[in-house]
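Colleague: Dropping a structure here in structure tokens format, bear with me for questions.
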Amino acid sequence: MTDLKAVGSSEVVTRLDTGNPGISSSLAESVVVPRTVSQLLDDAPTSRFHHRTVFISGMGFFTDAYDLFVIGTVAALVKAQWNLSTTQTSWVTGTAILGAFVGAFVFGRIADVFGRKVVYTTVAAIMIFGAIASALAPNFLFLVFARLILGLGIGGDYPVSAVLMSEYSNRADRGRLVGLVFSMQAVGLVVGPLVGIVLLSSGVSDPLAWRILLGLGALPAAAVIYFRAKMPESPRFTALVQGRADQAAKELHQFADGALDATTVSDDGKHLMGLRQFLANPRMLLMLVGTAGCWFLFDYAYYGNTLSLPSILTEVSPTASIEMKLFLTLALFVIFALPGYALAVWKMDKIGHRRLQFIGFGVMAGCFVLLGAVPSLTTTVAPFIAIFGVSYLFTEFGPNMTTFVLPSEVFPVNMRTTGHGVAAGVGKLGAFAGVFLVPQLADHIGLRGLLYVAGGAAVLGFLLTNVLPETTGRSLEEISGESDLPTPETTAEQVS
């Protein structure tokens with residue numbers, strides 16, 4: 001065999017040298033060899049079906065972001081209406097995050113057993129129920145319980161949104177495509193404060209405003225169910241886990257509207273890692289520690305500061321109205337966060353996913369430490385917003401994006417949502433800790449002290465990133481090492 005050239009999206013032509021001197025090499029036979037589903041996806045040019053997948057996956061993540069971040073405004077309104085204590089307000093703010101911690105673990109595992117699609121629609125239905133129940137809450141305990149249910153759906157959506165997009169992506173643009181899904185968080189960040197400003201400025205009463213803010217979360221979740229019903233199961237899951245490569249190729253061919261020639265594919269067998277093998281594998285444990293640890297440290301600093309931003313702005317500007325705080329929050333998101341998301345999507349596949357995480361953690365640490373070290377920066381609005389805004393820019397252009405992308409790449413196909421779910425769940429545990437600790441720390445060590453703590457978390461995240469591999473430009477099977485795993489048939493032969 002002397003030459004191997006790709007001649008299309010679904011086949012390769014190989015020139016064979018039979019070694020028979022009676023046959024001229026110019027008459028060597030060409031043989032068509034079908035390619036695997038994974039190879040088709042890895043080498044496919046970015047097409048409309050990729051963008052369709054981004055939209056469908058991203059709608060779920062927009063809902064996640066809206067529901068999680070709108071609660072900062074809602075908590076301020078509910079605290080005044082129901083005379084809640086600081087601890088009770090923290091429960092209102094943090095319960096959905098606690099639910100997301102559980103939901104990511106549970107639904108991440110279920111998606112590896114039963115498939116991405118069944119979980120995809122289930123978590124959206126849970127989010128609808130949780131949003132409506134939250135909006136109708138008659139008291140504190142009911143609201144906390146409704147937000148817990150909502151959080152289960154949000155947490156479950158994290159691994160399936162990331163992994164489904166990762167498994168549909170090509171190797172060249174995978175970071176950008178998964179990053180586009182995550183960037184829908186930016187839209188949720190902006191829409192929440194914007195709706196709050198419109199409601200409060202139009203004369204809607206505070207008790208009605210927070211109920212509308214929470215209830216609106218059901219609308220994008222309903223759209224998610226509609227669009228996801230039209231999307232097939234992940235081709236990689238169908239081919240590699242369920243062993244139905246022909247079905248995966250057929251569904252991919254239809255979903256791609258002919259952009260891929262998936263009419264003939266080869267079956268590369270099941271290269272699967274059992275749960276016990278996964279948990280006993282030193283490399284997989286290191287990937288869990290790296291992805292989950294970085295996400296925990298990042299979410300502590302990010303959610304603690306973001307969901308507590310109205311309180312932080314009160315420390316910086318005690319006389320500001322709630323509308324002014326919403327405006328400053330919106331300005332932070334629009335001026336700093338949105339460009340950060342855009343830069344990450346544009347550049348992460350050129351810079352490198354792991355390297356971008358280093359850059360983001362480094363700048364975050366510098367900004368937080370600077371704000372803590374210079375007293376005047378936390379007593380004047382303009383310089384505080386400027387430096388805090390730079391930290392926001394590199395939060396999005398860095399670990400907020402990469403902690404979502406990297407866990408969708410480093411685990412084997414039948415452990416991918418499990419691994420991502422563990423990372424996301426531990427990350428949400430960090431967010432929950434941040435939501436509870438930041439208000440308490442503010443009372444004991446002040447704003448500057450909690451900024452030092454956030455800077456320390458960013459430094460630890462920078463150091464822990466060292467255990468992760470660079471994933472840019474590599475196939476999922478190569479990164480995870482799953483192509484080196486024995487197939488069940490090979491294992492049976494070895495035993496016999």
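One line per residue, one yes/no per condition, for (1) in contact (Cβ under 8 Å) with a residue 40 or more places away in the chain; (2) of a type in the set (A, V, I, L, M):
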{"position": "Val123", "(1), (2)": "yes, yes"}
{"position": "Ile126", "(1), (2)": "no, yes"}
{"position": "Pro159", "(1), (2)": "yes, no"}
{"position": "Ala172", "(1), (2)": "yes, yes"}
{"position": "Met184", "(1), (2)": "yes, yes"}
{"position": "Gly196", "(1), (2)": "yes, no"}
{"position": "Leu199", "(1), (2)": "no, yes"}
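Colleague: Could I ask something else about it? Can you tell me which residues in the stretch 74-112 are within 22 Å of Gly430 (Cβ to Cβ) and among the hydroxyl-bearing types (Ser, Thr, Tyr)?
Modeller: Answer for the stretch 74-112, where residues must be within 22 Å of Gly430 (Cβ to Cβ) and among the hydroxyl-bearing types (Ser, Thr, Tyr): Thr86, Thr87, Thr89, Ser90, Thr93, Thr95.
Colleague: A further question on this structure: Which of the residues spanning the stretch 434-486 are part of a loop (DSSP other than H, G, I, E, B) and at pLDDT 90 or above? Even if it seems obvious, please write down each step before you answer.
Modeller: Here is the first cut: in the stretch 434-486, the residues part of a loop (DSSP other than H, G, I, E, B) are 468-475, 481, 485-486.
Answer for the stretch 434-486, where residues must be part of a loop (DSSP other than H, G, I, E, B) and at pLDDT 90 or above: Leu468, Pro469, Glu470, Thr471, Thr472, Gly473, Arg474, Ser475.
Colleague: Which of the following residues is modelled with pLDDT of 90 or more and either under 30 Å from Leu214 (Cα atoms) or in contact with an Asp or Glu (Cβ under 8 Å, 6 or more places away or on another chain) (or both): Leu68, Leu41? Walk me through it before giving the result.
Modeller: Working: Leu68 fails: modelled with pLDDT of 90 or more.
The conditions single out Leu41.
Colleague: Of Ala209, Ala239, Ala248, Ala223, which residue is assigned by TED's automatic domain parsing to the domain that holds Ile126 and either touching a Leu at 6+ places or on another chain (Cβ under 7 Å) or assigned to a loop (DSSP other than H, G, I, E, B) (or both)? Explain how you work it out, then say what you get.
Modeller: Values: Ala239 fails: either touching a Leu at 6+ places or on another chain (Cβ under 7 Å) or assigned to a loop (DSSP other than H, G, I, E, B) (or both); Ala248 fails: either touching a Leu at 6+ places or on another chain (Cβ under 7 Å) or assigned to a loop (DSSP other than H, G, I, E, B) (or both); Ala223 fails: either touching a Leu at 6+ places or on another chain (Cβ under 7 Å) or assigned to a loop (DSSP other than H, G, I, E, B) (or both).
It is Ala209.
Colleague: Restricting the search to the stretch 346-401, which residues are crowded, with 24+ Cβ neighbours inside 10 Å and among the polar types (S, T, N, Q)?
Modeller: Matches in the stretch 346-401: Gln357, Ser391, Thr395, Asn400.
Colleague: With respect to Ala111, determine if the residue is at pLDDT 95 or above, in the same structural domain as Gly60 (by TED's automatic domain parsing) and more than 14 Å from Leu214 (Cα to Cα).
Modeller: Working: at pLDDT 95 or above: yes; in the same structural domain as Gly60 (by TED's automatic domain parsing): yes; more than 14 Å from Leu214 (Cα to Cα): yes.
Judged against the criteria, Ala111 is a match.
Colleague: Still on this structure, I have one more. Filter the stretch 224-238 down to residues that are at pLDDT below 90 and surrounded by 19 or more Cβ atoms within 10 Å (Cβ to Cβ) and give me whichever is farthest from the chain's Cα centre (by Cα).
Modeller: Here the answer is Met231.
Colleague: With (1) in the same structural domain as Phe384 (by TED's automatic domain parsing); (2) polar (S, T, N, Q); (3) modelled with pLDDT under 95 as the list, and Thr417 as the residue in question, which single condition is left unmet?
Modeller: Failed condition: (3).
Colleague: Please give the helices (runs of 4 or more DSSP H) falling wholly within the stretch 325-433 in which 1 or more residues are in contact (Cβ under 8 Å) with a residue 12 or more places away in the chain and among the charged types (D, E, K, R). Please lay out each step first, then the result.
Modeller: Values: elements: 338-351, 353-373, 381-396, 399-405.
Answer list for the stretch 325-433: 338-351, 353-373, 381-396.
The values are calculated or read from the model by the stated rules, or taken from the named source; none is laboratory data. Just so it is clear, the structure is predicted and the values come from calculations on it, not from any experiment. Glycine also receives a Cβ, built like all others from the backbone with ideal geometry; neighbour counts cover every protein chain displayed.
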